[in-house]
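Engineer: Submitted below is the structure of interest, expressed as structure tokens.
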Amino acid sequence: MQALLAFKQGLVDDDNRLLSWERLVQNKDCCQWDGVYCSNHIGHVVKLDLGDQSLQGTISPKLVELQDLEYLNLSFNNFSRSQIPDFIGSLKNLRYLDLSSANFGGEIPYQLENLTHLEYLDLGHSINHANNLNWLSNLSCLKYFDLSYTNLTGVVGWLEAVNMLPKLRNLILQGCNLPPPIISSVSVMNSSKSLVHVDLSYNNLKSSIFQWLSGTHTNLVDLDLSRNNFNGSSIPDYFGNMNSLAYLTLPDSRLKGGIPNSFAKLCRLRELDLWANSLSGQLSDFVETLSKCAQMTLERLDISYTNISGSLPDLTNFLSLKDLSLRGNNLSGRIPESIGQMSKLETIYFGRNSLEGVISESHFSKLSKLTYLDLSSNSLLLNFSFNWIPPFQLRDIKLKSCKMWPSSFPKWLQTQKNYTLLDISDAGISDTIPSWFWDLSQKLKVMDISHNQMRGTVGNIRLEFASPLDLSWNQLEGPIPSILSKVLALDLSHNNFSGAASILCATEDSNLTFLDLSSNHVSGELPDCWIHFKKLVFLDLSNNSLFGKIPTTMGYLFSIETLRLSNNRFVGELPSQLKDCTKLTLFDLGENNLSCSIPEWLGASLPNLGILILQGNQFYSSIPPQLCHLTHIQILDLSNNISGTIPKCLNNLIALAQKGNSSLTIQHYYTYQLDKVFISWPYDDEASLTWKGVRSKYKSTLGLVKSIDLSSNKLIGEIPSH
């Protein structure tokens, strides 16, 4: 008991997870304390299970007094980068040691080599680096070994260390920056025949690792080599000789070619993931190879983004198939109706192909378990009866560019109660949005109904989660929906929304990162409460009926990169507070009634500006020489009423003199957090320029455009030639 109390004294337990250790101390029976287990025979502590208890602090040396301890789990706590105590190597009866995700630091103590009875060792996601694995050689009983995300860059002999573990069944070295192993006939010969699960994903391994794996095929069930660099190698033929293989994961590993004919022998294969490799061949050949032996066992097949071509064959022979992902390939032709007979299907991902034809109710007749559906970016026509009730309840609905027939709003969506993602953009819908649609929005995380001709008003959107919503390019009307405090990204552009801009005012800090209200009928003065939008990266209020002065609190948009206020009726001066928006790359104030001298801070304080448009205002005085500091500027439009001499220092605008750009578009990213995951979403900048009297928009080729416009001014002097 005293050892346990000393151990607790070294910990910081802010959440009182070890409260029972104090409350029950009077009865002196520590075997009843939370996380403590004792032997029924000798009464000594044999197991200490304190994983995920939010503990901090240090580990007391008194722990070594628990000499009968066989099981120690301190995972998912926070030991503040302290070293793993070397005295843990004195707990010689340990069979199980889990210190994963516990925020340890320093080196792995070599004293762990004394734990000769150890069968389970997990140090993953906890140690920064290791200089060697020599201490492994004594752990001959080890069956499970996880060192994920420990930097092993300098451990050239990692493979030899693994080969010294005769009973090892589970090897997990994910994200370890493993150096290419030294392969010899000896290392192949000594490959562990006991291995069942091997995870070497997220390393930079070359195809030489295949040679070592060729000796481990006897019992291997699960092999994960995703996110490696096999540099155009083909999938080894001997993988087909791994008779026990059930899970083969090889996505994004720079593999080429087709699947070997030997895959016809993988009779236990349950999951095959080849996503994002440069494969070749016809899908029908691929399916024929797998169907020879795995048609009864295969549950998941992902060959998305692999350049596979051809048409979709009949897949009904795969009686266990649950997840089928064929996205981003060169597939063409029709989707066979027989897919509706595959009653175990939960996922269909066919998006981004060249599939065509009509999708009817027959395609889903027996798909009661279907949860994820992606038919987007094909040439499909969805023809369902008006009162169709699908057999499924979907979570993800991705039907972008699938045309609805007739062009009415899909009533079957009313039957779907659980969806969190909905994309019916560019679906040819020309109809009034029914009121029931907004009542289904409570669980939404992502919604895109853009690029249709939907009419009506936006109802009461009740959101449990902060969501990105895209309602742009429709014919929606009414006031701006009052959801700015609930969403992460909102695009209402190119609609008929109206009403006062005062609704934009927030009373608390917002997580909004993207807001596009352009090309509507919003009117009035902008509210001066932008202090609450510090996470905004993109703001477009152009082409509305806004007037008055630009609010000074816009200077609090510290994250803003794109700011468009053009084609309104703003007046007065540019507030100097905008100089604090130092991340600005596009600033468009064109076609307003602003009246002041061009501020010096535009050049002195906004070093990242690439596009600056001031045309169509009442700016006066001369061009400030500080604009010559804008070395990234590629579009500069100063067509106004300014006078004076053209500064010779315009020579410094070197980006204007360079040809083109590294990409056609000018792309930015805004980031939001969804379900504790940070998601980066791209958007492309857009700018309008006048060329030979014609004003045109540039977006898909904006990266190639270089322009300086000094027209409609009273300037004197020469435009610098370089």
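The values are calculated or read from the model by the stated rules, or taken from the named source; none is laboratory data. The model shown is predicted, which means the values in this text are computed figures rather than measured ones. For neighbour counting, all protein chains shown are included, and Cβ atoms are generated from backbone atoms with ideal geometry for every residue, glycine included.
Engineer: Is it the case that the range 170-178 has a residue that's outside any helix (DSSP H, G or I), in contact with a Lys or Arg (Cβ under 8 Å, 6 or more places away or on another chain), over 17 Å from residue 273 (Cβ atoms) and modelled with pLDDT of 95 or more? If you could, list the steps in order and put the result at the bottom.
Structural biologist: We begin by selecting, within the range 170-178, every residue outside any helix (DSSP H, G or I); these are 170-178.
Filter once more, so that each one left must be in contact with a Lys or Arg (Cβ under 8 Å, 6 or more places away or on another chain): 170.
Next, from what is left, pick out any that are over 17 Å from residue 273 (Cβ atoms): 170.
Still in the list and also modelled with pLDDT of 95 or more: 170.
Among the residues of the range 170-178, at least one is outside any helix (DSSP H, G or I), in contact with a Lys or Arg (Cβ under 8 Å, 6 or more places away or on another chain), over 17 Å from residue 273 (Cβ atoms) and modelled with pLDDT of 95 or more, which makes the answer yes.
Engineer: Another one. Tell me, which residue of the range 56-76 that is over 17 Å from residue 95 (Cβ atoms) and touching a Ser or Thr at 6+ places or on another chain (Cβ under 9 Å) is surrounded by the most Cβ atoms within 10 Å (Cβ to Cβ)?
Structural biologist: If we take residues in the range 56-76 being over 17 Å from residue 95 (Cβ atoms) and touching a Ser or Thr at 6+ places or on another chain (Cβ under 9 Å), then 59 is surrounded by the most Cβ atoms within 10 Å (Cβ to Cβ).
Engineer: Restricting attention to the range 31-60, report how many residues are over 16 Å from residue 98 (Cα atoms) and either of a type in the set (A, V, I, L, M, F, W, C) or touching a Leu at 6+ places or on another chain (Cβ under 6 Å) (or both).
Structural biologist: Residues in the range 31-60 being over 16 Å from residue 98 (Cα atoms) and either of a type in the set (A, V, I, L, M, F, W, C) or touching a Leu at 6+ places or on another chain (Cβ under 6 Å) (or both): 7 in total.
Engineer: Within the bounds of the range 557-574, is there any residue that is under 18 Å from residue 688 (Cβ atoms), touching a Phe, Trp or Tyr at 6+ places or on another chain (Cβ under 6 Å) and among the aliphatic types (A, V, I, L, M)?
Structural biologist: Checking the range 557-574: at least one residue is under 18 Å from residue 688 (Cβ atoms), touching a Phe, Trp or Tyr at 6+ places or on another chain (Cβ under 6 Å) and among the aliphatic types (A, V, I, L, M).
Engineer: Here is a list: 297, 316, 289. Which entry is touching a residue at least 40 places away in the same chain (Cβ under 8 Å) and either farther than 18 Å from residue 331 by Cα or assigned to a helix (DSSP H, G or I) (or both)?
Structural biologist: 297
Engineer: Select from the range 535-565 the residues that are buried (at least 24 other Cβ atoms within 10 Å of the Cβ) and of a type in the set (Ser, Thr, Tyr) and write down the one among them that is nearest to residue 468 (Cα to Cα).
Structural biologist: Among those that are buried (at least 24 other Cβ atoms within 10 Å of the Cβ) and of a type in the set (Ser, Thr, Tyr), it is 562.
Engineer: Of the residues 477, 464, which single one is surrounded by fewer than 21 Cβ atoms within 10 Å (Cβ to Cβ) and either out of contact with any strand residue (DSSP E or B) (no Cβ under 8 Å at 6 or more places or on another chain) or of a type in the set (Phe, Trp, Tyr) (or both)?
Structural biologist: Of the residues listed, the single one that is surrounded by fewer than 21 Cβ atoms within 10 Å (Cβ to Cβ) and either out of contact with any strand residue (DSSP E or B) (no Cβ under 8 Å at 6 or more places or on another chain) or of a type in the set (Phe, Trp, Tyr) (or both) is 464.
Engineer: Filter the range 481-525 down to the residues that are assigned to a loop (DSSP other than H, G, I, E, B) and of a type in the set (D, E, K, R), then identify the one that is modelled with the highest pLDDT.
Structural biologist: Quick first cut of the range 481-525, residues assigned to a loop (DSSP other than H, G, I, E, B) only: 481-486, 492-495, 505-513, 517-520.
Narrowing further to those that are of a type in the set (D, E, K, R): 486, 508-509.
On the way: 486: 82, 508: 84, 509: 87.
Filtering first and then ranking leaves 509.
Engineer: Another question about this same structure. When residues of the range 621-642 are filtered for being at pLDDT below 90 and either of a type in the set (Ser, Thr, Tyr) or more than 19 Å from residue 597 (Cβ to Cβ) (or both), how many remain?
Structural biologist: The total comes to 1.
Engineer: What do you reckon, is residue 720 without any contact (Cβ under 8 Å) to a residue 40 or more places away in the chain and touching a helix residue (DSSP H, G or I) at 6+ places or on another chain (Cβ under 7 Å)?
Structural biologist: no
Engineer: Same structure again: Do any strands (runs of 3 or more DSSP E) lying entirely in the range 332-412 carry at least 3 residues that are surrounded by fewer than 19 Cβ atoms within 10 Å (Cβ to Cβ) and at pLDDT 95 or above, and which ones are they?
Structural biologist: Hits in the range 332-412: 354-359, 379-383.
Engineer: Filter the strands (runs of 3 or more DSSP E) completely within the range 603-672 down to those with at least 1 residues that are acidic (Asp, Glu) and surrounded by 20 or more Cβ atoms within 10 Å (Cβ to Cβ).
Structural biologist: Once the strands (runs of 3 or more DSSP E) in the range 603-672 are filtered for at least 1 residues that are acidic (Asp, Glu) and surrounded by 20 or more Cβ atoms within 10 Å (Cβ to Cβ), what remains is 635-637.
Engineer: Suppose we filter 132, 78, 40, 103 for residues that are farther than 26 Å from residue 19 by Cβ and in a loop (DSSP other than H, G, I, E, B); which single one remains?
Structural biologist: Answer to the selection: 132.
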